1. With the structure loaded, tell me whether Met188 is of a type in the set (A, V, I, L, M), open to solvent by 40 Å² or more (accessible area, probe 1.4 Å), closer than 18 Å to Thr288 by Cα and outside the structural domain of Ala97 (by TED's automatic domain parsing) or whether it fails that test.
2. Could you give me the residue pairs with C-beta distances under 7 Å whose first residue belongs to the stretch 122-145 and is on the phi > 0 side of the Ramachandran plot, whose second residue is open to solvent by less than 20 Å² (accessible area, probe 1.4 Å) wherever it lies, and which are 6+ apart or on separate chains?
3. Would a scan of the stretch 71-78 turn up a residue that is within 19 Å of Ala124 (Cα to Cα) and more than 10 Å from the ligand (Cβ to nearest atom)?
4. Among the residues of the stretch 95-102, is any near the ligand (Cβ under 10 Å from one of its atoms) and not assigned by TED's automatic domain parsing to the domain that holds Arg246?
5. Given the structure, is His24 closer than 15 Å to Met151 by Cβ, surrounded by fewer than 24 Cβ atoms within 10 Å (Cβ to Cβ) and more than 9 Å from the ligand (Cβ to nearest atom)?
6. Looking at Gly14, Gly56, Gly43, Gly80, which is the one that is within 20 Å of Leu240 (Cβ to Cβ) and either touching a residue at least 12 places away in the same chain (Cβ under 8 Å) or not small (Gly, Ala, Ser) (or both)?
7. Of everything in the stretch 27-59, what is more than 10 Å from the ligand (Cβ to nearest atom), open to solvent by 30 Å² or more (accessible area, probe 1.4 Å) and touching a helix residue (DSSP H, G or I) at 6+ places or on another chain (Cβ under 7 Å)? Give them in sequence order.
8. Given the structure, is Gly128 within 18 Å of Lys100 (Cβ to Cβ), open to solvent by less than 30 Å² (accessible area, probe 1.4 Å), out of contact with any Ser or Thr (no Cβ under 6 Å at 6 or more places or on another chain) and not β-branched (Val, Ile, Thr)?
Amino acid sequence: MKIAFIGLGNMGGGMAANLVKAGHTVRAFDLSQDALARAKEAGCETFSTVPEAVQGAEAVVSMLPNGAIVKDVYASNVIGHAPHAATLIDCSTIDVATAKAVADAAHAEGYKMVDAPVSGGIAAANGGTLTFMVGGEIHAFDAAKPVLEAMGKAVIHAGDAGAGQTAKICNNMLLAITMIGTAEAMKMAEKLGLDQQKFYEISSQSSGYNWSLNAYTPLPGVGVDSPADNGYAGGFATPLMVKDLRLAMEAAETADAAVPLGSRAAALYEDFLGAGNDALDFSAIIKTY
Ligand code: NAD
């Protein structure tokens, strides 16, 4: 397939490379010359404007920093420039309202469009093992699925336009809550004199079982291998968790949803980021206990 790819950063670079590996022709664009050079090395064709990159494309994939940029790129340079039969796939993490508005604008011009944010970080993007949560009509999902399958291990239809973003922010709000809960319990157990590895062994097989404890243990040398064992480098950076929590709080307000724990988690992560921890994985919040 001929696929245009816009936004070849930490995530998009590896995703575009995996589309090339799967045999697709990838027409790449990014504002950064370095990112474009890396994409070229990975086998993409590179272009100096979005309208050129989307010419003749059967699908357009974007992986961009935020909703304002996604809206601008689609409104100014994708809608009306890509062939009308192209499937538009935005994989960026953005606010639900913008995702819906961009999909509406695309539908008005006869395009199929999905929001398809991802779970999994840079390693999963490079390794082609992302999970995609997809919002859009079923015929748009069916058209996007083979493209997404070349970049991930799971592609799940969440519902109509915006449902992918809803799934993503609700999931990450839950992740923030379980990480903070895990950190609190582990440090309290330690203060009470319990060996950390013993606590891990017991709680990971008891009702305290959760992903943050079992699959991402936030203390070095305890439980599974995780960013904690690497000085909290790599993994899911704190600024990205804060970004997702801000989107979650915004969405909660719009939907009038009660999120007492989510808002507390968001405040704790804002404080943690404000204290200069932007280079650390989100599990490093355990250091504040
Ligand atoms: P990044 O900053 O590394 O990459 C973004 C790229 O977009 C950059 O190369 C930038 O030059 C380019 N860009 C910005 N404006 C542009 C424009 N107008 N036209 C073309 N290119 C433009 O960010 P990232 O880590 O790759 O994240 C991308 C998206 O993926 C974000 O929405 C992020 O929230 C989401 N995400 C990231 C991770 C992660 O672990 N990094 C995990 C899940 C989701």
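1. Yes: the conditions hold for Met188.
2. Gly128/Asn18; Gly128/Met151; Gly128/Gly152; Gly136/Ala103; Gly136/Met113; Gly136/Val114; Gly136/Asp115
3. No; the residues of the stretch 71-78 include none that is within 19 Å of Ala124 (Cα to Cα) and more than 10 Å from the ligand (Cβ to nearest atom).
4. We begin by selecting, within the stretch 95-102, every residue near the ligand (Cβ under 10 Å from one of its atoms); these are none.
For the stretch 95-102, residues near the ligand (Cβ under 10 Å from one of its atoms) and not assigned by TED's automatic domain parsing to the domain that holds Arg246: absent.
5. It is true that His24 is closer than 15 Å to Met151 by Cβ, surrounded by fewer than 24 Cβ atoms within 10 Å (Cβ to Cβ) and more than 9 Å from the ligand (Cβ to nearest atom).
6. Gly14
7. Answer for the stretch 27-59, where residues must be more than 10 Å from the ligand (Cβ to nearest atom), open to solvent by 30 Å² or more (accessible area, probe 1.4 Å) and touching a helix residue (DSSP H, G or I) at 6+ places or on another chain (Cβ under 7 Å): Ala42, Gly43, Thr46, Phe47, Pro51.
8. The answer is no for Gly128.
The values are calculated or read from the model by the stated rules, or taken from the named source; none is laboratory data. These numbers come from a predicted model, not from an experiment. Virtual Cβ from ideal backbone geometry, glycine too; neighbours counted across all protein chains shown. These accessible areas exclude ligands, DNA and RNA; they are computed on the full protein's heavy atoms, side chains included. Shrake-Rupley method; radii C 1.70, N 1.55, O 1.52, S 1.80 Å.
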